[in-house]
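Below is one structure, written out as structure tokens; the observations come after it.
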Amino acid sequence: MTETTVPEGWTGRVAAWCEANLSQRQFVLLLSFMVGIGAAVAACILKWLIHEIEYLLTSKFDVTQSNWLFLVYPVVGIYLTALFIRYVVRDDIGHGVTKILYAISRQQGHIPRHNCWSSVIASALTIGFGGSVGAESPIVLTGSAIGSDLGRIFRLDHKTLMLLIGCGASGAIAGIFKAPIAGLVFTLEVLMIDLTMASLLPLLVSCLTATCLTYVLTGPEAMFPFDLRHHFTVEWVPSAIMLGAFCGLISLYFTRTMNSFEQIFDRFHSLYARLALGGTVLAVLIYFFPPLYGEGYSTIRILLSGADAEGADRVLNNSLFYGHPESLLLYLGLIIIFKVFATTATNGGGGCGGTFAPSLFLGCVGGFVFARLWNGYGLFGFSLPETNYALLGMAGVMSGVFHAPLTGVFLIAELTGGYDLFLPLMIVSVSSYLTIHAFESHSIYSMRLARKGELLTHHKDRSILTLMSLDAVIDRERPRLSPDMNLGQLVQVISKSKANNFAVCDRNGSLLGIINLQSIRNIIFRSELYRLYRAEQLMCPPLAVLSVTASMNSVMEQFQETDAAVLPVLDADKNFVGFVTKVRIYASYRQLMRDFSEE
């Protein structure tokens, strides 16, 4: 930290002590350690709240029959969440990971401070009352908000701020799943934080800190204990590839359907209209399919332990299908179809949650269904272990939905202790990723930003353009000319400017044309012509016009197509705003590239 960036108050004293006793690298490591602690504590609090609320509401249910309270609890949960967000938070806290990606690309890494606690409360209410979403995305947003807040408190530069956001996200994943490697890989694959020696160590410190603290608070057991009864053999390879393709198609269905269903909710601006639609869809689905209640992790544990007759009855608990284990395959197939509607209805109706748990849930159910169908039809003359394929399916759907095959592999291996299945996990994850990538080039998190040109990627040149702002490079200082100015008046005005291009605008500010000094150089020194020509006679139409909301990628494409040195910018009302020049863009680009590349 330089002297000009040292904050005031107690943070100033801490910063001064750190500057005197620690190097910049050591200070960042200390902050990443603190971020890891905050993310782990938030994860444990959220998990505890969800468990307590769910236990309080459903522990007395008779599992042999359906319960009408399933029609009430989810509606109450998303209603309470919507009221909390509207009247307490007063800000949008949905789509946690998407919000982080947007903050990195368009808000200089600044995440609202309330996200350090608001996402925990909102998602606890939503999921505890039955919302069919996961707690992981809210915790990732919480961890990233902690990192962002620490960076702002100590007034760190943009690149360090982005690194601390990555530390918060990786620490959150590592803490909530006890999966340090998955936390690191998630940040690299999904948040697009570049892996360099300068970023690797802080990310690892945050992941290990969060994981160790979670072990201390909750014990060393894996979230989903898995007993490997069947070791991988070569004859599994074709079936693993086919399972990956199946998971890729499930991921594509989940992604596309969620995006379409979200657009329906976007048409409703009334809180109560959204609540009515989302609450009705969610309550009806949970009533008929109780495994859709909450995160669905109890169903995952059942399927990973083997769904024999007794296990099947447990999956069918509280449903109209209870006592009919022969209907298990049909029941799980319907769940695969309807899960996406339950998840979207939860968030669209006013709830708060993410897609981590739904992806794991769908993957487990999809892998189990795939193996049971395979065994039922006796394909290739050998049977598949249903528990193993339920595990592999979790990695497959996660890889497809998030476009993150490495995250899928390491997360499932660490989540279940299934390290001996690394090879089939890799096969299924890669196969799923390749399948969905053939149809959808962006993950469920990034597709909203990618369509607006606001997504950072590992392509450094594109990332620099994404970080650049058109508004920051607009020249608004040039004098504007009126169409009735004569040449003499025009010369008098432009002689005070160093620019070569000037806008001719009407009284309302609308652009009429452009006057370029090079095109009128042959007459501006002939005073006898000063009263003979007017600006409207000398102006020419611009080669192209830019919108003030255009992305820098589209701006650069316009410059390349027209081979222009300068282009005018118009606002939404088509009024002239200013000029953008190639020289100014390249200067800003070089500065950002220099900042982006410094270690």
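The values are calculated or read from the model by the stated rules, or taken from the named source; none is laboratory data. Since the model is a prediction, treat every value here as computed from it, not as a measurement. Cβ placement follows ideal geometry from the backbone for every residue including glycine, while neighbour counts extend to all protein chains displayed. Quick note on the areas: whole protein, heavy atoms, side chains included, nothing else; ligands and nucleic acids left out. Shrake-Rupley method; radii C 1.70, N 1.55, O 1.52, S 1.80 Å.
Below is a table of values for the structure above.
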item	result
Hits in segment 332-352 (condition: open to solvent by less than 20 Å² (accessible area, probe 1.4 Å) and over 14 Å from residue 254 (Cα atoms))	332, 346, 348, 349, 350, 351, 352
Selected residue (criterion: modelled with the lowest pLDDT) from residues of segment 230-275 that are open to solvent by less than 80 Å² (accessible area, probe 1.4 Å) and of a type in the set (D, E, K, R)	262
Scan of segment 99-125 for residues that are touching a Leu at 6+ places or on another chain (Cβ under 7 Å) and either within 16 Å of residue 152 (Cβ to Cβ) or modelled with pLDDT under 85 (or both), ordered by number	99, 100, 101, 102, 104, 105, 109, 115
Checklist (1) over 27 Å from the mean Cα position of the chain (by Cα); (2) modelled with pLDDT of 90 or more applied to residue 339, failing item	(1)
Filtered residues of segment 335-388 (kept if outside any helix (DSSP H, G or I) and of a type in the set (S, T, N, Q))	355, 383
Considering residues of segment 472-498 that are closer than 19 Å to residue 545 by Cα and β-branched (Val, Ile, Thr) only, the residue surrounded by the most Cβ atoms within 10 Å (Cβ to Cβ)	473
Selection status of residue 361, in contact (Cβ under 8 Å) with a residue 24 or more places away in the chain and surrounded by fewer than 24 Cβ atoms within 10 Å (Cβ to Cβ)	no
Test: residue in segment 277-294 that is buried (at least 17 other Cβ atoms within 10 Å of the Cβ), more than 26 Å from the chain's Cα centre (by Cα), of a type in the set (Val, Ile, Thr) and modelled with pLDDT of 85 or more	yes
Residue within segment 70-80 that is over 22 Å from residue 152 (Cα atoms), in a loop (DSSP other than H, G, I, E, B) and modelled with pLDDT of 80 or more present	yes
Selection within segment 523-539 - within 57 Å of the chain's Cα centre (by Cα) and polar (S, T, N, Q)	537
Residue in segment 145-157 that is surrounded by the fewest Cβ atoms within 10 Å (Cβ to Cβ), counting only those that are part of a helix (DSSP H, G or I) and in contact with a helix residue (DSSP H, G or I) (Cβ under 7 Å, 6 or more places away or on another chain)	153
Residues of segment 549-587 that turn out to be in a loop (DSSP other than H, G, I, E, B) and open to solvent by 50 Å² or more (accessible area, probe 1.4 Å), as a count	6
Filter result for residue 270 (farther than 21 Å from residue 46 by Cβ, of a type in the set (Ser, Thr, Tyr) and within 24 Å of the chain's Cα centre (by Cα))	no
Helices (runs of 4 or more DSSP H) fully within segment 420-529 counting 1 or more residues that are modelled with pLDDT of 80 or more	422-437, 487-494, 517-520
Of the criteria (1) in a loop (DSSP other than H, G, I, E, B); (2) open to solvent by less than 30 Å² (accessible area, probe 1.4 Å), which one residue 399 fails	(1)
Evaluation of residue 128 against (1) among the small types (Gly, Ala, Ser); (2) under 14 Å from residue 143 (Cα atoms); (3) modelled with pLDDT of 90 or more (one fails), failing number	(2)
Qualifying residue in segment 203-210 (condition: touching an Asp or Glu at 6+ places or on another chain (Cβ under 9 Å), over 27 Å from residue 296 (Cβ atoms) and open to solvent by less than 20 Å² (accessible area, probe 1.4 Å))	no
Residue in segment 248-267 that is in contact with a Pro (Cβ under 6 Å, 6 or more places away or on another chain) and under 26 Å from residue 315 (Cβ atoms) present	no
Answer residue from segment 342-369, given it is of a type in the set (Val, Ile, Thr) and closer than 22 Å to residue 267 by Cβ and is nearest to the chain's Cα centre (by Cα) among those	355
Pair list, Cβ under 8 Å, 6 or more apart: segment 54-69 residue open to solvent by 100 Å² or more (accessible area, probe 1.4 Å), other residue not β-branched (Val, Ile, Thr)	65/318; 65/322; 68/287
Residue tally, condition open to solvent by 10 Å² or more (accessible area, probe 1.4 Å), farther than 18 Å from residue 41 by Cβ and in a helix (DSSP H, G or I), over segment 110-144	1
Hey, residue 87 over 16 Å from residue 286 (Cβ atoms) and of a type in the set (Phe, Trp, Tyr) or not	yes
Residue match in segment 303-310 (condition: charged (D, E, K, R), in a loop (DSSP other than H, G, I, E, B), open to solvent by 50 Å² or more (accessible area, probe 1.4 Å) and out of contact with any Ser or Thr (no Cβ under 9 Å at 6 or more places or on another chain))	yes
Qualifying positions in segment 499-543 - closer than 22 Å to residue 560 by Cβ, loosely packed, with under 14 Cβ neighbours inside 10 Å and either among the small types (Gly, Ala, Ser) or out of contact with any helix residue (DSSP H, G or I) (no Cβ under 8 Å at 6 or more places or on another chain) (or both)	518, 541
Of residues in segment 215-229 being of a type outside the set (A, V, I, L, M, F, W, C) and closer than 24 Å to residue 420 by Cα, the one surrounded by the most Cβ atoms within 10 Å (Cβ to Cβ)	215
